[in-house]
Amino acid sequence: MTSVAPSLPPLDITRAPEGGEIGPIQSGWRLAAREFAKNRLAIIGLAILVFFVIFCFLGPLIYHGNVINSNLAATNLPPVVGHPLGTTNQGFDELGLLMTGGQASLEVGFCAAFIGIVIGAIVGAVAGLVGGFIDSILMRLVDVFLSIPILFVVLIIAVRYGASVLGLSAIIGCYTWLVPARLVRGEVLTLRERDFVAAARIAGASRRRLIARHLIPNALGVMIVNVTFNVADAILLVAALGYLGFGLHYPTQDWGDMLSNGIQYMQDGYWWLVYPVGACIVVVVMACNLIGDALRDSLDVRLRRR
């Protein structure tokens, strides 16, 4: 007499052994996006940043104020009809200048952050993967540059060679790679001991392929978080340069230069030359920091809210 094995019910992978629903498996990036969306301050910061991008780059196409040609018959006007934020001492419309000045500040901020994170990712990945003498040399180089104030360096270069959007982006970007390099190196030191890196080495992957295909993509979380803070730092640095009188100048202006020009007339009661531009700088930097904090919490599994 032959025995027949009892048939087992099909396994339901969407149900936990205890009976609780576990749902479909989601990728780490989707989980991070879901955690980011739960953070109200992050959504507010993202909305603010998107608003200022639209305000600065699309606003001049809609609002045609006196930005290029001054009107000497309408100087130092308070907010009135036709000039919602008043005019400057040279007859330029303050709202129009806020738009064009924001273009320069945001362009320098984003370009400098991109340049810094690219250089920092490459240097940090090479130092972490190769190790030894190369790692020591690169990290000591980072320590030397970190001991020199960035404002001091940018001031010297700006005075010697002049300031432009592309020039300031390159100068700030070539200096702000130091912190990303350290962060990426620390991440690579952990990643290079993982099994997938060992498997890639056994398969014959070169160091260049390991860095480009395995290490840097897996360190993107640290890099993305650092980009937001670098944007805020670059905008503040450009504003500081403009306030000191060594930033961009007419016909290209930034918020720092506008603040420097307006502060001279603050005692005369021309508040509209200072408060709006100062508020723009504070709000944009705050938005970048809110986004960076939320990205750090959502991309780091240990910091995710339960």
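Taken together, the values in this text are just the output of simple stated rules run on the coordinates, not laboratory data. In this text, all values refer to a predicted model and were calculated from it rather than measured experimentally. Reconstructed Cβ throughout: ideal geometry from the backbone, glycine too, with neighbour counts over all protein chains shown.
Converting phi to 3J(HN,Hα) with the Karplus coefficients 6.51, -1.76 and 1.60 and the offset θ = phi - 60°, the range 139-156 yields 6, 5, 5, 4, 4, 5, 5, 5, 7, 9, x, 5, 4, 5, 5, 5, 4, 4 Hz in sequence order, with x at every glycine or proline. Legend: calculated FRET efficiency, S164 to Y63, from the Cβ-Cβ distance at R0 = 25 Å, rounded to 0.05, equals 0.50. 3J(HN,Hα) along the range 107-117, derived from phi through the Karplus expression 6.51 cos²θ - 1.76 cosθ + 1.60 where θ = phi - 60°, amounts to 4, 5, x, 6, 5, 5, 5, 5, 4, x, 6 Hz, with x in place of Gly and Pro. Most tightly packed first, judged by the mean number of other beta-carbon atoms within 10 Å of their residues, the peptides 31-37, 170-176 read 170-176, 31-37.
Per the Kirkwood formula applied to alpha carbons, the range 104-204 shows a radius of gyration over Rh ratio, Rg over Rh, of 1.10.
Stretching the chain fully between S136 and R40 yields a gain of 30.3 nm (0.36 nm per residue, less the alpha carbon separation). Across the range 282-287, rounded Karplus estimates of 3J(HN,Hα) from the backbone phi angles (6.51 cos²θ - 1.76 cosθ + 1.60, θ = phi - 60°) give 5, 5, 5, 5, 4, 5 Hz, Gly and Pro being marked x.
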